[in-house]
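Visitor: Encoded as structure tokens, here's the structure I'll be asking about.
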Amino acid sequence: MEKIERLQQIINRCDRLVFFGGAGVSTESGIPDFRSVDGLYHQKYEYPPETILSHSFFMRHPEEFFRFYREKMLVLDAAPNAAHKKLAELEQAGKLKAVVTQNIDGLHQAAGSRKVLELHGSIHRNYCMNCGAFYDAQYIRDTDGVPRCKHCKGIVKPDVVLYEEALDQKIMEESVNAISEADVLIVGGTSLAVYPAAGLLRYFQGEALIVLNRSATPVDGNADLLIEEPIGQVMARIKVR
Ligand SMILES: [Zn+2]
């Protein structure tokens, strides 16, 4: 049987679907994966992305951090693609219970998804490190150098989990709960290389594990269905009933 057909059948039967996704979900929206070789490497920065996007670098070189961040991370003109839209439809139809994502671009919400567990935070939330005042992504885009709080001049920091920083415990717990209650888990657009992705998947005890990724992942061997094609193209062919 054709793989898309099998995916359709599994989705038709399930009623507690959870989606776990990563950078590959947004590449079809034009957002580069900074870990991929054709992504942001070999570009005009003196440090590798993992260094710039670390807590200690942020504290020591905020100017350089925000130069990189505004140019590479703060993507505000991207639109949701077929994968984001289909997942939102599946949620509206009552089939999908949660999207757990490693992405920070907010595109699932832009597509209409409501239950989105953002393991690595979001570019759309920014807080003054001094007084906690909230700022949206446009504020970061429209300021120069290190963005400062209008009220107290504190540094405004994106609510994005940097390297060396801990994940939000509440989001982690909610993700564990969603995954452990799922009957079907779709892992999409992630090679599961980044903590805590692979660990979270161990909580899945449902009926079918589906992997939609263009390259190999550590759970391919456990997958009931493995489709190595761009996820937007795959999801575009799924019908929601
Ligand atoms: Zn402030």
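The values are calculated or read from the model by the stated rules, or taken from the named source; none is laboratory data. Owing to the predicted nature of the structure, the values given are computational and were not obtained by experimental measurement. Remember, those area values only see protein heavy atoms, side chains included, never the ligands or the DNA or RNA. Shrake-Rupley method; radii C 1.70, N 1.55, O 1.52, S 1.80 Å.
Visitor: Give the accessible surface of the chain per residue, rounded to a whole number of Å², with probe radius 1.4 Å and ligands, DNA and RNA excluded.
Guide: Working: 11720 Å² over 241 residues.
I get 49 Å² per residue for this part.
Visitor: Expressed as a rounded percentage, what relative contact order does the chain have, with Cα pairs under 8 Å and six or more residues apart? Kindly include the intermediate steps, with their values, before the conclusion.
Guide: Values: 434 pairs, mean separation 61.4, N = 241.
Over the chain, the number comes to 25 percent.
Visitor: So for the chain, what percent of the C-alpha to C-alpha distances run longer than 30 Å? Let's see the in-between values first.
Guide: Numbers: 7676 of 28920 pairs.
Summing the P(r) tail past 30 Å for the chain gives 27 percent.
Visitor: Now for a different question. May I ask what percent, to the nearest 5, of DSSP beta bridges between residues of the chain are antiparallel?
Guide: Of those bridges, close to 25 percent are antiparallel.
Visitor: Also, quick follow-up: Just to verify a number: what accessible area does R67 come out at with the full protein assembly present, 1.4 Å probe, Å² rounded to tens?
Guide: About 110 Å², rounded to the nearest 10.
Visitor: Could I ask something else about it? To the nearest 10 square angstrom, how much accessible area does S56 have with a 1.4 angstrom probe?
Guide: The accessible area comes out at roughly 40 Å².
Visitor: When all protein chains stay in place, what accessible area (Å², nearest 10, 1.4 Å probe) is found for R125?
Guide: Its accessible surface works out to 70 Å², give or take rounding.
Visitor: What number, rounded to the nearest 500 deg cm²/dmol, is the helix-based mean residue ellipticity at 222 nm of the chain, given -39500 (n - 2.57) per DSSP H run of at least four residues and division by all its residues?
Guide: Details: 11 runs with 78 residues, N = 241.
Helices in the chain give a 222 nm mean residue ellipticity of -8000 deg cm²/dmol.
Visitor: Determine the gain in length on full extension of the stretch R148-A236; use 0.36 nm per residue of separation and subtract their C-alpha separation, reporting nm with one decimal. Walk me through the numbers on the way to the answer.
Guide: Numbers: separation 88, 0.36 × 88 = 31.68 nm, distance 4.19 nm.
That works out to 27.5 nm of additional length.
Visitor: Report the relative contact order of segment 77-133, percent, no decimals, based on alpha-carbon pairs under 8 angstrom and at least 6 residues apart.
Guide: 33 percent
Visitor: Can you flag which of K86/K115; K85/K239; K95/K115; K85/K170 are past 20 Å Cα-Cα?
Guide: K85/K170
Visitor: Let me ask another. At a 1.4 Å probe radius, carbon and sulfur cover how many percent of the accessible area of segment 40-137? Could you put the intermediate results ahead of the total?
Guide: Working: 2170 of 4390 Å².
Roughly 50 percent, rounded to a whole number.
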